[in-house]
Amino acid sequence: MTFQALLDEFCAAVQAGDGARFAQVFTEDAVYHDVFYGPQAGREAIAQMLEGLFYRDGRNYEWQMIDPLAGEIPGRGQVGYARWLFSFDGATAASEGRRVVMEGVGLFELRDGLISRYEDSAKTGEVLLRMGFPPEKLFRVLSRMVKEQDGRDEVRAHLER
C-alpha cells in the first residue's frame, strides 16, 4: 500500500467511526501517541481509542492529510509526515454545539506497508479554547503536555544547555 493510500484509509476509517477498520492500517504492535488521550498500544487499544474516546467526545469527524511525504531515513527506517486538518462536532459538556477545528503534523513510522508508530504534533491551545475549556483546565492540560515534552531525551538536551 502506498503512503497516500494508507493515509486515505486512515482518514476514511476515522470518519466512519470504525475502530476495527482503523486498526487495520497499523501493525499488531503499533503505538498511537495521541496528543490528548496518550499512548495506545496495539490494534485493540487503537480501535477502542477511536470508538470509545474520539466518538465519546465528538461526532461528524473530518480528517484531511495535506502534503504527505514518506521515505527512508538512515537508522530510522521508513517514515512519513503529513500536515493535517481535523474537525468534529463537540460532544462534551463544554464543547456541545461547537465545530472544533484542529491542525497539526503527523509523524508516521512505517513497517511492511503499515503504521508501526504514530505521533501527533498539534496546536493544542487553540483546540482547547475552541472546545470551551475553562482557564484552570487549560492550565492543567497544557502543564501535563509540558511535563511529557520535558521527559523526552531530545528536549532535555535543550533544557540542559
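The values are calculated or read from the model by the stated rules, or taken from the named source; none is laboratory data. Just so it is clear, the structure is predicted and the values come from calculations on it, not from any experiment. Cβ: placed from backbone, ideal geometry, glycine included. Neighbour counts: every protein chain shown.
Residue count for region 15-50 satisfying the condition of being aliphatic (A, V, I, L, M), in contact (Cβ under 8 Å) with a residue 40 or more places away in the chain and surrounded by fewer than 21 Cβ atoms within 10 Å (Cβ to Cβ): 2.
Taking region 133-148 as the range and being among the hydrophobic types (A, V, I, L, M, F, W, C) and not in a loop (DSSP other than H, G, I, E, B) as the test, the residues that pass are Leu138, Phe139, Val141, Leu142, Met145, Val146. For region 83-118, a residue qualifies if it is hydrophobic (A, V, I, L, M, F, W, C) and touching a helix residue (DSSP H, G or I) at 6+ places or on another chain (Cβ under 6 Å), and the qualifying residues are Ala91, Val100, Met102.
Figure legend. Inter-residue proximity from region 1-14: first residues at pLDDT below 95, second residues of a type in the set (Phe, Trp, Tyr) and part of a helix (DSSP H, G or I), beta-carbon distance below 6 Å, spacing 6+ or different chains. No pairs are indicated.
For region 1-39, a tally of residues being of a type in the set (Val, Ile, Thr) and assigned to a helix (DSSP H, G or I) returns 1. Evaluation of Asp8 against the conditions (1) touching a Leu at 6+ places or on another chain (Cβ under 9 Å); (2) more than 24 Å from Glu148 (Cβ to Cβ) shows that the sole unmet condition is (1).
Among strands (runs of 3 or more DSSP E) entirely within region 61-132, having at least 3 residues that are at positive phi, exposed (fewer than 15 other Cβ atoms within 10 Å of the Cβ) and touching a strand residue (DSSP E or B) at 6+ places or on another chain (Cβ under 7 Å) singles out no element at all. Residues in region 34-74 that are at pLDDT 95 or above, of a type in the set (Asp, Glu), over 14 Å from the mean Cα position of the chain (by Cα) and within 20 Å of Ala122 (Cα to Cα): Asp67 alone. Look through region 108-148, keep the residues that are closer than 19 Å to Phe88 by Cα and among the hydroxyl-bearing types (Ser, Thr, Tyr), and return whichever of them is farthest from the chain's Cα centre (by Cα). Step by step, filter region 108-148, then rank; the result is Thr124.
For region 149-156, check the following and say yes or no: at least one residue is farther than 22 Å from Ala41 by Cβ, within 18 Å of the chain's Cα centre (by Cα) and either loosely packed, with under 12 Cβ neighbours inside 10 Å or without any contact (Cβ under 8 Å) to a residue 60 or more places away in the chain (or both). No - not one qualifying residue is present in region 149-156.
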